[in-house]
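Taken together, the values in this text are just the output of simple stated rules run on the coordinates, not laboratory data. Everything numeric here is computed off the predicted structure, so don't read it as measured data. We place every Cβ from the backbone using ideal geometry, glycine too, and count neighbours over all the protein chains shown.
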Amino acid sequence: MSDTFGGSTAYVGIGELVTCDGTGAAGLGLRAGAALVVEGGRIAWLGDAGGVPDADRRVDLDGRAVLPGFVDSHSHLVFDGDRAAEFAARMAGERYDGGGIGVSVAATRAASDDRLRELVGRRVAEMRAQGTTTVEIKGGYGLTVADEARGLRIAGEWTSETTFLGAHVVPPEARGDRAAYVDLVTGPMLEACAPHARWADVFCEPGSPHAFTEDESRAVLTAAAGAGLGLRVHGNQLGPGPGVRLAVELGAASVDHCTFLDDADVDALVAAADTTVATLLPGVEFSTRSPYPDARRLIDAGVAVALATDCNPGTCYSSSMPFVIALAVREMGMTPGEAVWAATAGGARALRRDDVGRIAVGGPADLVVLDAPSHLHLAYRAGVPIASALG
Ligand code: NIG
Ligand code: FE
């Protein structure tokens, strides 16, 4: 988010400033009576309102809360096609198994570059309107060399956090020879996509015929690391499995979903807490009518936890971090403070970023203002659009 006004702006009348500087309850670093000066898209000054320096413009926030912009560290925004009927069928009792991904793959392949660009742009704008200022975007609905490279090029027009997901599912035309598809992903597809990606991800879910086994996932991730990409894993979403331990073994920045974990998974995440974040995506459990991950167990054990939307056409077509925060509090036993931290600083950790997800002098002025006096209202006023980017 950048300040469109040319000079410096002093923000005063901030009811609660959430800095996420690691101090205080949940590391939120709450400050009362604080003010900020923003200049050139950066935080130029932060301190008590009484000492605020002169600025070209002064904005009185009238008691509203200010937070770091949300860091949505997991999304799949590059797709065309509609799967609302699949959602309705699930609400009527059908189970999710990843099979619907093929519907999005067909529609995405058929879309023109301009059409895909417009769809991604609209989704990014929708996120920003709800307070998300950093977003990770995965490919994964092209599943050919050309379509995956195209998706990442388009995603890169909006974010530097782009993720190669050629191993999302085995596409229909490759079902007869899975090994050949893994060779394609680890060979020509990785080569074409690596220049456009910061990360690589894999849908490691041996229980699903559409997704990848432990050995296939290890092959994809090892090749991607060799090509210089950071690692992320979709793991333990549909059932117990090897995803979490594989992510930890390979030093992935994040393992996402973490819905079905055993004690050994939790122990592995605790031991790797400085390296691997557990990213929880409760919008998925909402949209697939599944049991929620046990966030309390993870946090109490000392696991680093992030929250993200997973915005995608199959398991959660919501771009709203406030919605995710409300679900985390209501359905996963997180305190409002823990949920806000996980949606800001936690997301930044999952992306190995230390510039975003907090408010600090010298950092980007990626700020959210709430039409409310404190961060508690994000979960308290669920469904009400109180969060917006400031500037
Ligand atoms: O994160 N699990 C795999 N991928 C997505 C869903 C993709 C889809 O159904 O289109 C997810 O849930
Ligand atoms: Fe996902």
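Points worth noting:
- Charge tally in the Cβ shell below 13 Å around TYR96, where Lys, Arg are +1 and Asp, Glu are -1, TYR96 excluded: -2
- Gyration tensor verdict on the range 323-391 (Cα atoms; rounded if a/c is under 1.5, prolate if a/b is larger than b/c, oblate otherwise): oblate
- Spatial offset of the range 27-42 relative to the range 147-210 amounts to 40 Å, using the alpha carbon center of each.
- Charge-dipole axis of the range 95-170 as Lys and Arg at +1 and Asp and Glu at -1 on Cβ define it, positive-most pick from ALA155, ALA107, ALA167: ALA107
- Global form of the range 168-287, assessed from the alpha-carbon gyration tensor, a/c cut-off 1.5: oblate
- Which of PRO293, GLY314, GLY140, positive extreme of dipole for the chain (C-beta unit charges): GLY314
- Extension gain for the segment GLU126 to ASP82, taken as residue separation times 0.36 nm less the Cα-Cα distance, is 14.1 nm to one decimal.
- Over all other residues within a Cβ to Cβ distance under 11 Å of THR288, the charged ones net out to -2, with Lys and Arg as +1 and Asp and Glu as -1.
- Shape call, the range 70-351: gyration tensor on alpha carbons, a/c limit 1.5: rounded
- Loop sites in the range 272-340: trypsin sites (Lys or Arg not before Pro), DSSP, at most 14 other Cβ within 10 Å: ARG289
- DSSP-assigned coil residues among trypsin sites (Lys or Arg not before Pro) in the range 159-207, each with at most 13 further Cβ atoms within 10 Å: ARG175
- Alpha-carbon centroid distance for the pair the range 331-379 / the range 225-273, whole angstrom: 23 Å
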